Amino acid sequence: MPAENLKSRPPLRVFCVEDNPLIVCHFEMMIEDLGHVFAGSTESFEDLRNQADAATMDCALVDIDLADGPTGPEAVLWLKERGVPAAFVTGQEPTAAQHRNAAVCTIGKPMSEASLAAGLAVLAAALASARAGNPKLK
Amino acid sequence: MKALLPEDELALDHVLVMAPYRRDADYLQSLFAENEIVVDVCADPGKIGDCLADYPGVLVLTHEALTPLVVKAVANHLTEQPAWFELPIVVLLHRSSDDARLKAELASAWPEARHLYYQRPVAPVELISGVQSALLARLRQRDVRDHIALEVELRRELNHRVKNILASVNSIFELTYRNVDTLGEFAEDLRGRLTALSRVHSAVFEAVDEAVSIEAVVNLTFEPYRVRDQNRVSVKGPVVMLTREAGTTLALCLHELVTNAIKYGSLSAASGTVSFEWSLSGDNPAELAVIWQEAGGPPITAPARSGYGTRYLKSALASMFGAKPMLTYEASGMRCEVAGRVSRLAWNP
């Protein structure tokens with residue numbers, strides 16, 4: 001399984017911003033299968049802002065359309081300001097492309113374990129370089 | 001090409017007149033006004049662009065108005081129009097003019113307009129009926145515009161929903177696949193979950209404004225099991241309307257609860273029962289509490305490891321209610337309860 005070659009790296013705490021509970025549940029299992037930690041989820045940008053603690057996550061997977069509208073890009077910016085790199089996970093690649101400066105990468109839906117693994121590797125690299133640039137985030 | 005026009009209801013329903021010779025403009029203005037046609041007169045050829053920017057339904061020009069400046073300004077206006085747009089232009093010609101040459105010139109200058117020519121003197125009744133039918137044609141063009149916009153919007157929304165449903169089906173497949181030991185079990189679990197998804201989809205689609213009551217979701221979820229178990233499932237609660245998304249999530253959660261009860265819980269025993277009740281309390285926002293309580297089944301214990309059903313139930317209810325559900329495995333029967341703000345759930349009429 002792909003989890004084997006990731007064992008040497010520390011696991012990532014992965015947060016999900018996604019409004020379909022089925023997809024959250026699916027992501028949760030895939031994240032754990034890859035040897036990482038599911039750090040929770042919210043269904044809207046509003047909940048992310050009000051309830052989530054950026055210190056409890058290393059990176060995030062964010063859909064474009066959430067329970068409070070197409071607020072995914074705002075959620076990604078909010079996370080970025082708090083030192084949390086995020087990837088879009090969406091079927092709306094054109095919208096994701098418009099906001100590509102904010103997100104580290106875009107993973108198409110439906111997401112496979114292989115595309116999640118590739119996305120998490122990009123997120124891990126972004127996290128490492130962000131922390132190298134700002135030691136306080138370590 | 002402009003994609004949008006002003007949403008102003010007045011757009012396209014007035015006549016713009018340019019008639020610089022003597023009292024022509026006054027005459028035309030009063031003629032149209034007598035026939036209840038809204039008129040705008042452009043007295044200054046330099047302002048023709050501004051007047052056209054108000055989107056007249058019909059443009060009326062006398063022969064004297066056809067200066068190179070005006071012909072060019074009208075041509076510019078026409079090239080900026082969207083595809084459905086065809087401006088009718090009424091030209092009032094001199095009796096003694098070289099019609100053929102002028103018509104050929106205007107046809108090449110204004111290729112995307114409908115030209116109507118009248119030779120002066122023109123009978124008022126003839127001019128009025130020509131302008132009125134041109135205005136009607138214009139209003140039909142506006143309907144076409146509205147239909148095109150609506151269709152684009154509907155196609156976008158449909159695509160979005162189909163993608164969401166396929167994503168749900170994909171996740172159900174993957175999650176079911178991970179949690180079964182045999183192909184028979186896989187087929188049974190997958191069939192049950194997809195059936196629950198399609199039943200709630202039909203219910204929401206048929207409902208007014210895509211809102212569905214908790215009671216309707218509960219009934220459609222229990223219906224397949226009621227034939228066998230006439231009085232074993234009791235349901236009680238006030239009218240609460242759910243959005244499409246919340247209704248779908250509740251249906252899938254209840255499906256997991258009822259199949260679990262049939263396999264391992266109270267409904268696996270001949271005398272076991274289930275009650276599902278919900279209640280509202282407080283206001284602004286009100287809190288909705290739901291309780292699933294099994295009784296009379298075989299003695300149960302908490303499962304050693306959480307399967308997909310339980311994990312989905314916990315995470316879906318948590319995201320739907322904004323509060324963690326409580327699952328307890330008392331020897332007498334399994335209990336699942338959760339309470340949260342109604343504003344997250346209800347479609348407000």
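The values are calculated or read from the model by the stated rules, or taken from the named source; none is laboratory data. Predicted, not measured: the structure shown is a model, and the values here were computed from it. Note: ideal-geometry Cβ built from the backbone for every residue, glycine included; neighbour counts use all protein chains shown.
For this structure, a couple of remarks:
- Test result for B:Ala75, within 18 Å of B:Leu16 (Cα to Cα) and either part of a helix (DSSP H, G or I) or under 45 Å from the mean Cα position of the chain (by Cα) (or both): yes
- Scanning segment B:242-263 turns up at least one residue that is in a loop (DSSP other than H, G, I, E, B), under 35 Å from the mean Cα position of the chain (by Cα) and not charged (D, E, K, R).
- Some residue of segment A:22-32 being in a loop (DSSP other than H, G, I, E, B), at pLDDT below 95 and not charged (D, E, K, R): no
- Filter result for the condition that a residue is within 14 Å of another protein chain (Cβ to nearest Cβ), of a type in the set (A, V, I, L, M, F, W, C) and either surrounded by 11 or more Cβ atoms within 10 Å (Cβ to Cβ) or on the phi > 0 side of the Ramachandran plot (or both), over B:Leu197, B:Leu116: B:Leu197
- A:Cys16 over 22 Å from B:Met320 (Cα atoms), within 12 Å of the chain's Cα centre (by Cα) and crowded, with 19+ Cβ neighbours inside 10 Å: no
- Screening A:Met29 on (1) closer than 24 Å to B:His160 by Cβ; (2) without any contact (Cβ under 8 Å) to a residue 12 or more places away in the chain; (3) in contact with a Leu (Cβ under 7 Å, 6 or more places away or on another chain); (4) not polar (S, T, N, Q) shows it passes everything except condition (1).
- Restricting the first member to segment B:159-173 and to residues that are more than 7 Å from chain A (Cβ to nearest Cβ), and the second to residues that are of a type in the set (Asp, Glu), the beta-carbon pairs closer than 8 Å and six or more apart or on different chains are B:His160/A:Asp65.
- Set B:Ala316, B:Ala323: member being in a loop (DSSP other than H, G, I, E, B) and either surrounded by 15 or more Cβ atoms within 10 Å (Cβ to Cβ) or within 14 Å of chain A (Cβ to nearest Cβ) (or both): B:Ala323
- Count of residues meeting criterion [more than 14 Å from chain B (Cβ to nearest Cβ), more than 11 Å from A:Pro85 (Cβ to Cβ) and free of Cβ contacts under 8 Å to residues at least 60 places away in the same chain] in segment A:107-126: 2
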